[in-house]
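**Q** Take this structure first; my questions come after.
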Amino acid sequence: MTARHLLTTLALASLSGTLFADIAPPSGFTPLFNGKDLGGWRGGETFDHRKLMAMPEGERAAKVKTWTDDMLQHWKVEGDELVNDGHGAYATTEKEYGDFELFVDYNMAPLGDSGIYLRNVPQVQIWDHENPDPGGKLGRAKGSGALWNNSPGAPGKDPLVMADKPAGEWNHVRVLMTGSRVSVWLNDKLTVDHAILENYYNRKTPIPARGPLCLQTHGASIRWRNLFIREIGSDEADKILAAK
């Protein structure tokens, strides 16, 4: 990370009490949500992006249209927030991303279960850590902000700390992704430290070099705001990887 971006991050951290409500994009970042409508977003699902891109153009367009038609039934804009009713296809960026730094705020209803797909690969886990989890099989009580779809015992599978605010309150996520390596901060606490995001669709191969971001829906309403992204160039990515 450059000195300028480090200063930006520190300045943003000082605003963590407000979780970036109603502020302009941080320096170097671009909004993913225009604050007016669903422009720049399409529907998506848990579907291998490589397979989608390998489809004939007409078949691919038809599948994306089916997802998008469904997405538009369950997503809406309220003020500066993207709101989902807990159902339907995922809000998925039309643009693909490689290496990036991402800021996202979310406010999820009780009993919710959601996530952020990176290059269409699941996922940075978001859920209600107070939702009963018989036997602890799912690991809800450990909190959000980890790469839950990694293999059991793999780095990043569980969060390093429990950093969630209660369901119904705003939480802030920061994601830094370079190559297959992902670091996550939830409410300014490091929950994943430079772990490899496994390819959920084929664990024998790495994740795609580029792909869309998806906001998952999974049974409870959730609100999103202040979605900002900064694309990372190859020189900076190399420095981040070398530093680790």
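**Q** Quick one: if you take sqrt(5λ) for each eigenvalue of the C-alpha gyration tensor of the chain, what semi-axes come out, biggest first, whole angstrom?
**A** 23, 22, 21
**Q** Would you mind checking Lys51/Lys189; Lys95/Lys142; Lys65/Lys244; Lys137/Lys189; Lys65/Lys189; Lys63/Lys142 for any pair whose Cα atoms are more than 30 angstrom apart?
**A** Violating the 30 Å Cα-Cα cut-off are Lys51/Lys189; Lys95/Lys142; Lys65/Lys244; Lys65/Lys189; Lys63/Lys142.
**Q** For the chain, report the accessible area per residue in Å² (1.4 Å probe, heavy atoms, rounded to an integer).
**A** 45 Å²
**Q** Give a quick list of GluC sites (Glu not before Pro) in segment 63-124 that DSSP marks as loop, anything other than H, G, I, E or B, with at most 12 other Cβ atoms within 10 Å.
**A** Of the GluC sites (Glu not before Pro), the ones in loops of segment 63-124 whose Cβ has at most 12 other Cβ atoms within 10 Å are Glu94.
**Q** If you project the alpha carbons of segment 113-200 onto their three principal axes, what span does each projection cover, largest first, in Å?
**A** 34, 27, 21
**Q** Moving on. Can you tell which of Leu32, Met108, Leu82 lies farthest toward the positive end of the dipole of segment 19-141, using +1 and -1 charges on the Cβ of basic and acidic side chains (Lys, Arg; Asp, Glu)?
**A** Final value for the positive-end residue is Leu32.
**Q** Residue by residue, what Karplus-based ³J(HN,Hα) values in Hz, rounded to whole numbers, does segment 182-193 have, using 6.51, -1.76 and 1.60 with θ = phi - 60° and x for Gly and Pro?
**A** With coefficients 6.51, -1.76 and 1.60, one gets 10, 10, 9, 10, 10, 6, 6, 10, 5, 10, 9, 10 Hz.
**Q** Express in nm, to one decimal, how much length is gained between Leu111 and Lys63 on full extension, taking 0.36 nm for each residue of separation and deducting their alpha carbon distance.
**A** Roughly 14.3 nm would be gained on extension.
**Q** Could you give each residue of segment 156-166 its phi-based ³J(HN,Hα) in whole Hz, using Karplus coefficients 6.51, -1.76, 1.60 with θ = phi - 60°, and x for Gly or Pro?
**A** Rounded to whole hertz, the list is x, 4, 10, x, 5, 9, 8, 10, 5, 8, x.
**Q** Show which aspartates and glutamates lie in cross-link reach of Lys76 when reach means a straight Cα distance below 12 angstrom and same-chain residues fewer than eight apart are skipped.
**A** Asp37, Asp85
The values are calculated or read from the model by the stated rules, or taken from the named source; none is laboratory data. Since the model is a prediction, treat every value here as computed from it, not as a measurement. Don't worry about glycine lacking a Cβ; one is built from the backbone with ideal geometry, like all the others, and counts go over all protein chains shown. Just so you know, the surface numbers come from the protein's heavy atoms only, side chains and all, with ligands and any DNA or RNA stripped out. Shrake-Rupley method; radii C 1.70, N 1.55, O 1.52, S 1.80 Å.
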